[in-house]
Structures are given as structure tokens and as C-alpha cells.
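Single-structure report; data block below.
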Amino acid sequence: MARAVEAGKLRPTLVTLAISGVLLIWSAYALSGAGVIDLLPLTKLALVLICAIYLARAVAFPLLKPAFPENSNTFWWVSSGICGCIGLVHAYGLIALWRDL
């Protein structure tokens, strides 16, 4: 991605914007589930799916690694650890507030 940016390609910017947009929506659902903002449509289902995606990403890195050989082991361990922590926090919040959603 860094080389593509240096070459002036647009794709890295678009990919980054798409990922940022998804994470922004996911954070809105987390805030909705926590009661910080009004309840969004399908909050319970969205939070279950978001939690599952984070946890799946955390444990699936051995399967993803061959598709991205340029990424270091440090990248995979750190990013998977972050996804795992976020997924566990979401799971805890989802379980704690399940009846209120």
C-alpha cells in the first residue's frame, strides 16, 4: 500500500476511506448498544455480526497470512491481538446489555 501511495495510485486512498467508513458505522452501533446515542436499526444483529467479525479476524490470521506475504509476523500478531481485544470487549458489552437492546 505504501508503494502504491508513493506511485500516486488512488486505490490505497479509496481502500482506507472504505475501511474508515465501516469502522465509523461500527462505532456508531457500539455507542448505540451502550446507550450513548439513540438505538439504531437492527442494533442487536449488527453488534452480534460486528463482534463475530472482530473475533474471526483475530483467530483467522494463519489463514489470511498467505494472501498477504508482504505483512510481517509482528503486523499479524499485533493486529490480531487488537481485533481480539475489541471483539472481546464487544462480546462482554453485548452479553451484559442483551436484554436491554
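Checking each residue in segment 1-37 for being under 30 Å from Tyr92 (Cα atoms) and not aliphatic (A, V, I, L, M) picks out Thr16, Ser20, Gly21, Trp26, Ser27, Tyr29, Ser32, Gly33, Gly35. Taking the criterion of being of a type in the set (S, T, N, Q) and either under 17 Å from the mean Cα position of the chain (by Cα) or surrounded by 15 or more Cβ atoms within 10 Å (Cβ to Cβ) (or both), the residues of segment 36-85 that qualify are Thr43, Ser79, Ser80.
With respect to (1) without any contact (Cβ under 8 Å) to a residue 24 or more places away in the chain; (2) loosely packed, with under 12 Cβ neighbours inside 10 Å, the lone exception for Asp100 is condition (1).
Here, each number is a calculation from the coordinates, and none is a lab measurement. A quick note: this is a predicted structure, and the numbers were derived from the prediction, not measured. Using ideal geometry, Cβ is built from the backbone for each residue, glycine included, and neighbour counts are taken over all protein chains shown.
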